[in-house]
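Notes follow the structure.
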Amino acid sequence: DELLADLYRFIYKLDTRGSVLRILTLCSSIHETTNSCGHSLDTLPLLVAFFLGDPSTVRMIKSYVQSCCNHLEEMKSLGRLAVFTSPYYGLFDLNDSNGDTATQQPYLLLRDLTAPFDRPNVIDIKMGTQTYEPTAPLSKQHREFNKYPQQSDIGFRIVAMRMYSFGEDKYQYRDKSFGTSLQSRRDIVDALTMFFCGAFGTSLLLSRLIDELNEIKIWFEEQNASLAFYASSILIIYEGSPTNTLIDPSLKMIDFAHVCRKKGGDKGYLRGIENLICILSEIQSKG
């Protein structure tokens, strides 16, 4: 830092017009920007090379700064989506009792989204028209597509759901085979109607969920130009007990193991969001 300060003072004495000093100030700003991205550049050689007008250095700095700006903009955009994800508490190793790093198996530690509810009704909806990465082997692509061909059109499928029956005081379950048995849009509407029929104040519940889905939809339309959320899901939870109806429903995006970069964003996820909003609005209108 002292050497850099001496260089500033020396050039300031020689540079009566201040043009070089402005270049050095720019390079210093570049250095601060790259540091904020979690990288570091050796500033002094870059300043000298930039001052001498080395073409490769100028191109490299411009490319590096542009990359950092894109990175920061993407992080800022993803921050707006964070409200729709479960709080993250770091990595947790279930086998770390003896301190042996060779046996460590870290897991992501997330908040239990069902904890605030007495009798949580839960549905897992797999989003997108495609549930495999573009680089997946053909065998996996065919396997994933054949699980539920209708998903390539409607943009989502019901993976599983659990519904509490207040009258019987027990849960009803629907697994993956139920979701893949829904052959038509009418079948899907009926399945979602069944899931929400146990809600106390169904119209208000659906209004809140539709509002949140619209926020996610806007993000995919206006802010996502580089990510595809393959095999990601939306998890919806609402209270099934009439004694705890004041708690708000929960809608969260989950399962991000197969998120990939894709120019243009994720049109398949967007289609699923649009169709899900349309179906929930249809259910709401029938009261």
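The values are calculated or read from the model by the stated rules, or taken from the named source; none is laboratory data. From a predicted model like this one, the values you see are computed outputs, not experimental measurements. Quick reminder, even Gly has a Cβ in these numbers, built from the backbone with ideal geometry, and neighbours come from all protein chains shown. Quick note on the areas: whole protein, heavy atoms, side chains included, nothing else; ligands and nucleic acids left out. Shrake-Rupley method; radii C 1.70, N 1.55, O 1.52, S 1.80 Å.
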If a residue must be out of contact with any Asp or Glu (no Cβ under 9 Å at 6 or more places or on another chain) and open to solvent by 50 Å² or more (accessible area, probe 1.4 Å), how many such residues does the range 163-183 contain? 13
Close pairs from the range 114-138: first more than 15 Å from residue 273 (Cα to Cα), partner of a type in the set (D, E, K, R) and not in a strand (DSSP E or B), Cβ under 6 Å, at least 6 apart: 132/140; 132/144
Look through 211, 248, 266 and report the one residue that is modelled with pLDDT of 95 or more and surrounded by fewer than 15 Cβ atoms within 10 Å (Cβ to Cβ). 211
Suppose the filter is in contact with a His (Cβ under 6 Å, 6 or more places away or on another chain) and in contact (Cβ under 8 Å) with a residue 12 or more places away in the chain; does residue 230 pass it? yes
What's the number of the condition residue 253 fails, among (1) in a helix (DSSP H, G or I); (2) over 19 Å from residue 166 (Cβ atoms)? (1)
Within the range 126-162, how many residues turn out to be among the acidic types (Asp, Glu) and either open to solvent by 60 Å² or more (accessible area, probe 1.4 Å) or in a helix (DSSP H, G or I) (or both)? 2
Among the residues of the range 185-195, are any open to solvent by 50 Å² or more (accessible area, probe 1.4 Å) and closer than 16 Å to residue 240 by Cα? yes
Cβ-Cβ under 8 Å pairs, at least 6 apart or on other chains, the range 249-260 side touching a residue at least 12 places away in the same chain (Cβ under 8 Å) and on the phi < 0 side of the Ramachandran plot, far side assigned to a loop (DSSP other than H, G, I, E, B) and aliphatic (A, V, I, L, M): 250/113; 252/113; 257/231; 258/231
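Listed here are the residues, each with its yes/no results for (1) of a type in the set (A, V, I, L, M); (2) more than 18 Å from residue 127 (Cα to Cα).
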{"site": "189", "(1), (2)": "yes, no"}
{"site": "192", "(1), (2)": "yes, no"}
{"site": "199", "(1), (2)": "yes, yes"}
{"site": "204", "(1), (2)": "yes, yes"}
{"site": "211", "(1), (2)": "no, no"}
{"site": "227", "(1), (2)": "yes, no"}
{"site": "238", "(1), (2)": "no, yes"}
{"site": "244", "(1), (2)": "no, yes"}
{"site": "253", "(1), (2)": "yes, no"}
Hey, any hits in the range 214-227 for a residue that's modelled with pLDDT of 95 or more, open to solvent by 30 Å² or more (accessible area, probe 1.4 Å) and in contact with a strand residue (DSSP E or B) (Cβ under 8 Å, 6 or more places away or on another chain)? no
Quick one: which of 157, 208, 185 is closer than 22 Å to residue 287 by Cα, without any contact (Cβ under 8 Å) to a residue 60 or more places away in the chain and among the charged types (D, E, K, R)? 208
Being touching a strand residue (DSSP E or B) at 6+ places or on another chain (Cβ under 7 Å) and not small (Gly, Ala, Ser): is that true of residue 242 here? no
Given the structure, is residue 203 open to solvent by 50 Å² or more (accessible area, probe 1.4 Å) and free of Cβ contacts under 8 Å to residues at least 60 places away in the same chain? no
